[in-house]
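Shown next, in structure tokens, is the structure this report addresses.
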Amino acid sequence: MIHVYTGDGKGKTTAAVGLAARALGWGKKVCLIQFMKGGACYGELKILGKIRGCRTARFGRGCLLRKGTIKPIDRREAEKGLAFAGEVVAKREADVVILDEINVAVHFGLIPREEVTKLIQRCPKRIELVLTGRRCPREIVRLADYVSEIKEIKHPYRKGVRGRKGIEY
């Protein structure tokens, strides 16, 4: 089935990683593919990379905060990530495939929405395909089986508190 975790609140990647942990606990194979998260080290990658049956891959030079900061390398990296995801799905290399921040990559125009919808439509029924990130396109929402919108009510970031290791990353 197709899962979407979207919205402006904290916890979309965390929810996907929780699903990955559950699947791994039952002996399923997981592949976490991160878009636009190339620079910093993320705690979920540190632990998931140590678990047998879990594969992780990152594509991008780091988080993009505004559309105006996009460079050609960002598009190339996102396209590589989508091609990698297509191979993992086509070869049925995992039971759960997580495309972390792919919705944002689509919103920023790094990869065409149509290419993502084609991947969703080609996805074998036995694979759980998870798409995370803000601003999920309506067409992807329509194709999904599960859609969770995570809404921000309050966040320390609004008071100037920077992301904390082990909590936000």
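Since every read-out is calculated from the coordinates, none of them should be taken as a lab result. The structure displayed is predicted, hence computed values, not measured ones. FYI the Cβ positions are ideal-geometry reconstructions off the backbone, even for glycines, and counts take in every protein chain you see.
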In which sequence would His107, His155, His3 go, from the one with the fewest C-beta neighbours within 10 Å to the one with the most?
His155, His107, His3
Taking a 18 Å limit on the Cα-Cα distance, which of the listed pairs Lys37/Lys67; Lys10/Lys165; Lys80/Lys125; Lys46/Lys151; Lys29/Lys50; Lys29/Lys80 fall beyond it?
Lys80/Lys125; Lys46/Lys151; Lys29/Lys80
Per DSSP H run of at least 4 residues, take -39500 (n - 2.57); add these up for the chain, divide by its residues and hand me the 222 nm value, nearest 500 deg cm²/dmol.
-10500 deg cm²/dmol
Exposure-ranked with fewest Cβ neighbours within 10 Å first, Ile73, Ile51, Ile120 stand as Ile73, Ile51, Ile120
Give me D for the stretch 17-141 in µm² s⁻¹, whole number, from Stokes-Einstein with Rh from the Kirkwood sum over alpha-carbon pairs, 20 °C and 1.002 mPa s.
147
Proxy reagent accessibility, fewest Cβ within 10 Å first, across Met36, Met1
Met1, Met36
If you split all Cα-Cα distances of the stretch 31-89 into 10 Å bins from zero, what percentages do you get per bin, shortest first?
22, 47, 27, 4
